[in-house]
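**Student:** One structure, as structure tokens, below. Some questions next.
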Amino acid sequence: MKAAVLKALGSPLAVEIVPDPVLGTGEVIVDVAATKVLAYAGEVFSGKRHYLLEPPVIPGAGGIGRVREVGPDATELAVGDWVLCDPTVRSRDNP
């Protein structure tokens, strides 16, 4: 898949081919349809905000997309479902 990769703080993002994600227990793989760019992303990527990023990193601020694959123990989500992904929340599909 293609992704924007931050190879070092202060360097521009580079669009590269990276390995597809590997589906784990309790996880889904989502094809992102829309996302956002945070207003202060440039400060984070330059190192000015001193975030604990260890490049290389594929940055992301969440998004909306469709489920492409479902883990073996999913109880609610199914392929084709629309979902909101929030990088600050980690939960099961039926807590």
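The values are calculated or read from the model by the stated rules, or taken from the named source; none is laboratory data. The shown structure was predicted, so the numbers you read here are calculated from the model rather than taken from an experiment. Here the Cβ positions follow ideal geometry from the backbone for every residue, glycine too, while neighbour counts run over all protein chains shown.
**Student:** What number of residues in the stretch 34-68 are of a type in the set (Asp, Glu) and either under 17 Å from Ala3 (Cβ atoms) or in a loop (DSSP other than H, G, I, E, B) (or both)?
**Tutor:** Restricting attention to the stretch 34-68, the residues satisfying the condition of being of a type in the set (Asp, Glu) are 43, 54.
Cutting the leftovers down to either under 17 Å from Ala3 (Cβ atoms) or in a loop (DSSP other than H, G, I, E, B) (or both) gives us 54.
Residues meeting the conditions: 1.
**Student:** Shifting gears a bit: Return the residue satisfying two criteria in turn: it lies in the stretch 55-84 and is among the acidic types (Asp, Glu) and modelled with pLDDT under 90, and of such residues it is nearest to Val22 (Cα to Cα). Reasoning before the result, please.
**Tutor:** As a first pass, look at the stretch 55-84 and keep what is among the acidic types (Asp, Glu): 69, 73, 76, 81.
From what is left, the residues that are modelled with pLDDT under 90 are 73, 76.
Values: Asp73: 15, Glu76: 20 Å.
Taking the candidates together, the pick is Asp73.
**Student:** Six or more apart or on different chains, Cβ under 8 Å: which pairs go from a residue in the stretch 74-95 that's among the acidic types (Asp, Glu) to one that's part of a loop (DSSP other than H, G, I, E, B) and at pLDDT 65 or above? Could you list them?
**Tutor:** Listed pairs, sorted by first residue: Asp86/Gly62; Asp93/Gly26; Asp93/Ala74; Asp93/Thr75; Asp93/Glu76; Asp93/Leu77.
**Student:** Please enumerate the residues belonging to the stretch 22-33 that are surrounded by 13 or more Cβ atoms within 10 Å (Cβ to Cβ) and either acidic (Asp, Glu) or not in a strand (DSSP E or B) (or both).
**Tutor:** Leu23, Gly26, Glu27
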